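Here is the structure we will look at, set down as structure tokens.
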Amino acid sequence: MARLPLLAGNWKMNLDHVEATGVVQKLAWSLADYHYDKEKAEAAVIVPFTDIRTVQLLIEGDKLPIAYGAQDVSVHDAGAYTGEVDAQMLAKLSCAYVTVGHSERREYHGETDEIINAKAKKVIEYGMTPIICVGEKLEIRREGTHVPFVLAQIDGVLAGLTAEQVGALVIAYEPVWAIGTGEVATPADAQEVCGAIRVRVSELLGADAAAKVRIQYGGSVKSSNVVDIMAQPDVDGALVGGAALDPAEFARIVTYYAR
Ligand code: PGA
């Protein structure tokens, strides 16, 4: 069964709502220039909370072939949680995706697999798709224990989810040492861990969920390396940081299949 590749641009804390308009417009023009075919790959932008309404109006108004979503969500529903944004608010803005457990959230905000699991459940409860991030730091990679490390994260972040729910979500494998460093995992490194994740999903939830779940690679993905990474059998897309801020470059990444 074919999994539709998902190329998602994680803007992180970049681009205000005025800049977002320009970048999304340019992305749409660049995708058209590269004859983007949404049957071959799905393009998404994962934007700061303050950009979502603007991006929604632009994408819906101009019927642009771009999905959008948020970078984080509260584990709580509405209430006395100053500064937080709940899943219902994001669903009301028609977000398709919400990234949860990005390594920067784990590192700077103390997010654990348990918190990430609770966030993923909220995203699913409100009808959106979580992009659940996992990945090892450099020390773990050097020790050679990256596969069991990432699989333990998978067990934690998927706890209590059904086979149907897991089949519909997205997992992003992002080795922390490759994020924003220019250091890319080799296609074989990406395949090793993405393949192991799929086997684990099969063990936990069955072959059907494993065949359906989309597994992205993330970490210094660019148009110059995306083709080889996407050629790996268990890599179903990319979560792209820095290169997604340049709309023409991101459009080349999304249309990797044409090269
Ligand atoms: P990068 O970021 O592409 O800039 O390495 C990837 C990410 O953090 O999602």
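For a quick protection proxy, order the peptides 57-65, 187-195 by their average other-Cβ count within 10 Å, most packed first. Before the final figure, lay out the partial values.
Values: 57-65: 13.3, 187-195: 19.2.
Per-residue Cβ counts within 10 Å, averaged per peptide and sorted highest first, yield 187-195, 57-65.
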11 Å beta-carbon shell around ALA28, net charge (K/R +1, D/E -1): 0
Relative contact order (%) - criterion: Cα under 8 Å, at least six apart; region: the range 119-234: 30 percent
Nonlocal Lys pairs with alpha-carbon distance under 20 Å, the chain (8 or more apart, or different chains): 18
Relative contact order (%) - the chain, alpha-carbon pairs under 8 angstrom, separation at least six: 23 percent
In sequence order, calculated HN-Hα J values of the range 242-247 (Karplus, 6.51, -1.76, 1.60; Hz; x Gly/Pro): x, 5, 7, 7, 9, x
Amide proton proximity set for TYR68, modelled H, under 5 Å, gap of 5+: VAL45, ALA96, TYR97
Summed side-chain charge close to PRO5 - residues other than PRO5 whose Cβ falls under 15 Å, Lys, Arg +1, Asp, Glu -1: +2
Cα centroid separation, the range 185-259 to the range 104-133 (Å): 20 Å
³J(HN,Hα), Karplus 6.51/-1.76/1.60, whole Hz, each residue of the range 187-195, x for Gly, Pro: x, 5, 4, 4, 5, 3, 7, 4, x
The chain: calculated mean residue ellipticity at 222 nm from DSSP helix runs of at least 4, using -39500 (n - 2.57): -13000 deg cm²/dmol
Relative contact order (%) - criterion: Cα under 8 Å, at least six apart; region: the range 1-148: 19 percent
Proximal charge balance of GLY180 [Cβ under 14 Å; K/R count +1, D/E count -1]: -1
For the range 168-174, Karplus couplings with θ = phi - 60° (6.51, -1.76, 1.60), whole Hz, Gly/Pro x: 8, 9, 10, 10, 10, 8, 10
5 angstrom amide H check on ILE171, placed H, neighbours 5+ away: ILE132, ARG214, ILE215, GLN216
FRET efficiency estimate (nearest 0.05) - Cβ-Cβ, HIS76 to ASP155, R0 22 angstrom: 0.35
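No lab work stands behind these numbers, since they all come straight from the coordinates. Note that this is a predicted model, so its numbers are computed, not measured. Virtual Cβ from ideal backbone geometry, glycine too; neighbours counted across all protein chains shown.
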